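The values are calculated or read from the model by the stated rules, or taken from the named source; none is laboratory data. Note that the coordinates shown come from a computational prediction; the quantities given were computed from them, not determined experimentally. Here Cβ is always computed from backbone atoms with ideal geometry, including for glycine, and neighbour counts include all displayed protein chains.
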Amino acid sequence: MKVLICENSIDGIFSGVYRAYASRYGHNNIRLTTSDALESFELFCEYEEVPVDPECSRKVADTLRARLGQEVYYDICQAISAGETEKEQRKNMNKAEAVYKTVVLGLSMGQGFNVLNCLGNPYVARVFQLARSAGNEAHHLLGFLRFSELENGTLFSRIHPRNNVLPILAEHFVDRLPMENFIIYDENRKTAALHRKGSGYLLAAVPQADEEFMNRFSEKEQEYRQLWLEFFHSIAIEARKNPKLQRQNIPKRFWPDTVELK
Amino acid sequence: MTLMKKLNILSDAAKYDVACTSSGVERGGSGKGIGNCIAPGICHTFSADGRCISLLKILFTNECIFNCAYCLNNCNNDVKRAAFTPEEVCTLTMEFYRRNYIEGLFLSSGILISPNYTMDLIYQTLYQLRYVHGFHGYIHVKSIPGADPVLVEKVGFLADRMSINLELPTADSLRRLAPCKSRNTILKPMRQIQNSIDASKQELALLENRLYPGRGELAHWQETPRFVPAGQSTQMIIGATPESDFQIMSVAERLYQNFNLKRVFFSAFVNVTENSDLPALPGGPPLLREHRLYQADWLLRFYHFKVSELLSEDKPDFNIFLDPKCDWALRHLEFFPVEINRADYYTLLRVPGIGYKSASRIVKARKQSVLTFSDLKKIGVVLKRALYFITCSGRMMYNTKLEEDYICRNLMGDKTQIPREIRESGYRQLSLFDEGMIAPDSSASFQKIIGV
């Protein structure tokens, strides 16, 4: 058995998939794993690290889009962007392996765009599960994310997501707020999405964030926060008070980043 | 009066309106202006009662010339009154929307001076929001009963969803509790909105058919105004009047069929006016009853059930201990067990524990391979409910009996039958009943618990 170790990113895993095909060992004799996986080395296995190669990654992405369709490609990317806790990693199949075998199955099928419907297949089921968990969090954050207006009029938001959902969020808010300058800062991954009025967005690594800059709010900011708090409290019906249901609907981990529940 | 004070009074006055959904319309941003809509809607936060906050839900004013008995703002009540100006509503909406607090605006109103005067104020607000501020987010607006059809039409082209509250399930109750409203002033505009929605859809469909790749026509199609694109909804109050669940659900079914409504909302009655015509509810609002009605509403809209299958004159109320689908399945054991690998989609929909999403996943997945129970679990089927009713390749999951009593006893052990939020907020009386009392005729104990 040959084991390819690839980086835990879209480019990394796609490079791994490319290498697995190119090596011609046969799909049954080869296995992918991510470099941060918690597995111990096995006897009678040959390990090889696959470097990230943007060119290979692009080729795989093009093939997936052409043969499996845009939707499947999108779901696979979402699955790769899912973040897992150690416990989940131990319990479940490795992400890279699931993606690799799903791609192999999809490309061997007559109608590749159907591949994610084959939920009877354990690899597909795993990709489906990962994509769903990342997609759910992204959808939550579309609502739970809060912008604050900084002194210079820029909207700033700080989030702590489990999955790497920044691209999905940025896409949504560029469409929604085209004439605003905004920054969404993922503090867990130290990356930010930056958007300038009337243009697209870009993702940037922010190893050292300027805390002071992020806390200089505009004059009006406090006023609207107060108005929002007022609204938030008066809209609740006392006779139906139900903190458990509230916690179930907006899980506690999202609370610190909101205005009304922090 | 400060904006803060107004917001306090007018959101407090709006809180008994149920619909806070932002779903039903998909609209990309315009590249200028602000806002877009996505079809499933987005919840922005959840208030202390656990209900979703998606829209800025406010009344334009809580002054009112009507005297509906159940309403806090009726003209005989001594409450603080306030009114926004259109500019204030626009500023609040825009600033909240920019900060991603809300998905749009929900604007309702008490009746100031006359229905037409109020409706015109609402129209002005919406017009400013759409054309002065370039707002493309979601707007849900209440149509004022008795307003001129021309005004309703004009507002409809600016809003995404319109609703007119049915308030109470029967005309009798309405006459008794809301003497200024009548079935006629409610159903007539409802019909008008339905007709305008249809006309608008047809116009768009015609344009679409004529569409040549020429750019001018596409732009024309895109710019054609849409009338209430997210459809209309309504709501009624549950528990203020003596109607049975059967009557309520039949009304809802007729509204879906005849008026093509997107949603019918139910609101558990909260006694705020202490009017002698209204029931006192010592046990709090009838939340479990509301929950069962919503479950049944889902069965109508997504599961192809009919009200006549769920309830009848002889059995007019829902079982409090079991959800309507389980209840139906137990009374129709002749349909079961269902073979997962062969049964058609509509049969799968009727199995307790299989939702419409899992049903369609099953139908797709079994084309590729034979499904087993562990696959079903991954697909999202709730096996603890479904296992009594299904087979995979001819085998049941465990050795179970297809008997009403046996399955009923086991399903009752499933704690999700009575949702946690209700179980833990004052329905502890349930533990007083022992299992023997769970006879099909539970309407007496039902009424005791919900306090009708």
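At a glance:
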{"quantity": "Residue that is farthest from the chain's Cα centre (by Cα) [pool: residues in the range A:150-179 that are assigned to a loop (DSSP other than H, G, I, E, B) and within 11 Å of chain B (Cβ to nearest Cβ)]", "calculated": "A:G153"}
{"quantity": "Yes/no for B:K15 being closer than 30 Å to B:S173 by Cα and either in contact (Cβ under 8 Å) with a residue 40 or more places away in the chain or within 12 Å of another protein chain (Cβ to nearest Cβ) (or both)", "calculated": "yes"}
{"quantity": "Unique match (being among the aromatic types (F, W, Y), more than 26 Å from A:L202 (Cβ to Cβ), surrounded by 21 or more Cβ atoms within 10 Å (Cβ to Cβ) and within 11 Å of chain B (Cβ to nearest Cβ)) among A:F147, A:F128, A:F182", "calculated": "A:F128"}
{"quantity": "Filter result for the condition that a residue is free of Cβ contacts under 8 Å to residues at least 40 places away in the same chain and more than 30 Å from B:K364 (Cβ to Cβ), over A:R146, A:R158, A:R189", "calculated": "A:R189"}
{"quantity": "Subset of the range A:70-102 that is in contact with a helix residue (DSSP H, G or I) (Cβ under 6 Å, 6 or more places away or on another chain) and more than 22 Å from A:L169 (Cα to Cα) - its residue that is surrounded by the fewest Cβ atoms within 10 Å (Cβ to Cβ)", "calculated": "A:M93"}
{"quantity": "Failed item, numbered, when B:A365 is tested on (1) surrounded by 18 or more Cβ atoms within 10 Å (Cβ to Cβ); (2) away from every other protein chain (no Cβ under 14 Å); (3) free of Cβ contacts under 8 Å to residues at least 24 places away in the same chain", "calculated": "(2)"}
{"quantity": "Residues located in the range A:253-262, provided they are more than 8 Å from chain B (Cβ to nearest Cβ) and outside any helix (DSSP H, G or I)", "calculated": "A:K262"}
{"quantity": "Counted residues, the range B:107-153 - those being in contact (Cβ under 8 Å) with a residue 40 or more places away in the chain and closer than 21 Å to B:N74 by Cβ", "calculated": "15"}
{"quantity": "Lone qualifier among A:I237, A:I250 - being touching a residue at least 60 places away in the same chain (Cβ under 8 Å) and either at the interface with chain B (Cβ under 8 Å from one of its Cβ atoms) or among the acidic types (D, E) (or both)", "calculated": "A:I250"}
{"quantity": "Selection within the range B:159-186 - under 22 Å from the mean Cα position of the chain (by Cα) and free of Cβ contacts under 8 Å to residues at least 40 places away in the same chain", "calculated": "B:A171, B:L174, B:R183"}
{"quantity": "Total residues in the range A:212-252, condition assigned to a helix (DSSP H, G or I), surrounded by 13 or more Cβ atoms within 10 Å (Cβ to Cβ) and basic (K, R)", "calculated": "4"}
{"quantity": "Residues of the range A:203-262 satisfying the condition of being of a type in the set (G, A, S), farther than 23 Å from A:F173 by Cα and at pLDDT below 90", "calculated": "A:A239"}
{"quantity": "Residue count, the range B:18-63 (criterion: under 18 Å from the mean Cα position of the chain (by Cα), more than 8 Å from chain A (Cβ to nearest Cβ) and polar (S, T, N, Q))", "calculated": "3"}
{"quantity": "B:R98 being within 14 Å of another protein chain (Cβ to nearest Cβ) and charged (D, E, K, R)", "calculated": "yes"}
